[in-house]
Amino acid sequence: MERDQNLYNMREHITDEFMDKYNFGRDEYLAGRWRKATDVLNEADAIMIRNIVETGYYNMKEELADALRYELEKVRPVSEET
């Protein structure tokens, strides 16, 4: 069976732990237990975020620095060149 490298790369940070939690949350949702589903899916979300940060897939420090620069520019605009 051929493997699609792009699909593999997109799913690289998805762990069994995440899939188990996600599937449980989905099942709770489909069973009409929405409050429990929301709690479980939020836990799955936290697992996903932890995994992408730990693997370096997403650099929170750079994102935070960009957000801070953006907020500073709103308060203290860069002077226009003449």
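Here, each number is a calculation from the coordinates, and none is a lab measurement. This is a predicted model, so every value here is computed, not measured. Positions of Cβ are backbone-derived with ideal geometry, glycine not excepted, and every protein chain shown enters the neighbour counts.
When a/c reaches 1.5 or more, the comparison of a/b and b/c decides; with that in mind, is region 5-75 rounded, prolate or oblate per its Cα gyration tensor? Note, shape of region 5-75 comes out oblate. 3J(HN,Hα) along region 41-56, derived from phi through the Karplus expression 6.51 cos²θ - 1.76 cosθ + 1.60 where θ = phi - 60°, amounts to 5, 5, 5, 4, 4, 5, 4, 4, 4, 4, 5, 6, 6, 5, 7, x Hz, with x in place of Gly and Pro. Placing +1 on each Lys and Arg Cβ and -1 on each Asp and Glu Cβ, with no other charges, gives region 5-75 a dipole about its Cα centre of roughly 220 debye.
Our coupling estimate for region 10-16, obtained by passing each phi through the Karplus curve with A = 6.51, B = -1.76, C = 1.60 and θ = phi - 60°, is 5, 9, 4, 8, 8, 9, 4 Hz, Gly and Pro reported as x.
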